[in-house]
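Only the coordinates and a few stated rules stand behind these numbers; no lab work does. Keep in mind it's a predicted model, so treat the numbers as computed, not measured. Every residue, glycine as well, gets a Cβ built from its backbone with ideal geometry; the counts of neighbours run over all protein chains shown.
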Amino acid sequence: MRHHVQTAEIKRRIRLAWAAFGKLRLIFKSNMNNSLKRKVFDTCVLPVLTYGAETLTLTKASENKLRVAQRAMERSMLGITLRDRMTNQWIRDQTKVVDVMERIASLKWSWAGHIARRTDERWTKKIMDWRPNEKRPRGRPPERWTNSIKKTAGKNWQQVAMDRSKWKQIGEAYIQQWIEAG
């Protein structure tokens, strides 16, 4: 059930990002240099694509959908099609836009640190430790939101997050793993 809701949200985010991209099509199709197009993309389209994604537990399929949508927008910015058979690396070298998964990882890391440092008893802090009474299904359990954070910062990640400078340093490694995965 939860997976279905997140898939629908990813599709919705992609549609909204395409709408934002479409409104700026005159800029992206113009002969303007790529550095200006990149700034417009990074400030006007990428935030629409990544809004709220720091709270999602993304699957490989979701990550792929987001990256595919971003690559399609980048190809459109450059005026090329899939038939031109340009590599993803060549496209990124031309556009130099921020990778969607890099941005989501950065947002998620910041959000996790922010929540861990909270001293009040808001629901966002309480839900980190909450586990439903129901038994998890057989087979490979679904990924939890905190799993990727625990892999990088350890099981006591909430205590680690109290030291902002250490949290930021570890966060760079966390974000780097998302860059390398893409």
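Once the Cα atoms are used to define both axes, helix 2-23 deviates from the longest principal axis of the chain by about 30 degrees.
For the range 31-44, the Karplus equation 6.51 cos²θ - 1.76 cosθ + 1.60, evaluated at θ = phi - 60°, returns couplings of 8, 4, 5, 5, 5, 6, 4, 4, 4, 5, 4, 5, 9, 10 Hz by residue, with Gly and Pro reported as x.
Across ASP99, ASP120, ASP42, mean-square fluctuation computed from a Gaussian network of the chain (C-alpha pairs under 10 Å connected) peaks at ASP120. Along the Cα-to-Cβ line of LYS23, 7 Å from the Cα, sits a label point; which residues in the range 57-74 have backbone N less than 11 Å from it? Residues passing the 11 Å test: none. Among the lysines of the range 14-100, pairs that are 8 or more positions apart or on different chains and have alpha carbons within less than 18 Å of each other number 7. Each residue of the range 55-69 was assigned a 3J(HN,Hα) from its phi angle through the Karplus expression (A = 6.51, B = -1.76, C = 1.60, θ = phi - 60°), giving 9, 8, 9, 7, 8, 4, 5, 5, 4, 5, 4, 5, 5, 5, 4 Hz with x at Gly and Pro. For the range 62-123, the alpha carbon convex hull comes to 97 Å³ per residue, rounded to a whole number.
When the chain is treated as a Gaussian network with alpha carbon springs shorter than 10 Å, the biggest mean-square fluctuation among LYS155, LYS37, LYS135 belongs to LYS135. Highest GNM mean-square fluctuation, the chain, Cα pairs closer than 10 Å: which of ARG164, ARG83, ARG122? In this elastic network of the chain, the residue with the biggest mean-square fluctuation among ARG164, ARG83, ARG122 is ARG83.
With the charge dipole of the chain set up from +1 on Lys and Arg Cβ and -1 on Asp and Glu Cβ about the Cα centre, the Cα lying farthest toward the positive end among the listed residues THR119, THR146, ILE179 is that of THR146.
In order along the range 91-99, phi translates into HN-Hα couplings of 4, 5, 5, 7, 7, 6, 6, 6, 5 Hz, rounded to whole numbers, per the Karplus curve 6.51 cos²θ - 1.76 cosθ + 1.60 with θ = phi - 60° and x for Gly and Pro. Using only the C-alpha atoms, the convex hull of the chain corresponds to 145 Å³ per residue.
Under 19 Å of direct C-alpha separation, and excluding same-chain neighbours fewer than eight residues apart, LYS155 reaches these lysines: LYS108, LYS125, LYS126, LYS166, LYS168. In plain terms, the residue of LEU78, LEU36 with the fewest other Cβ atoms within 10 Å comes first and the most crowded comes last, giving LEU36, LEU78.
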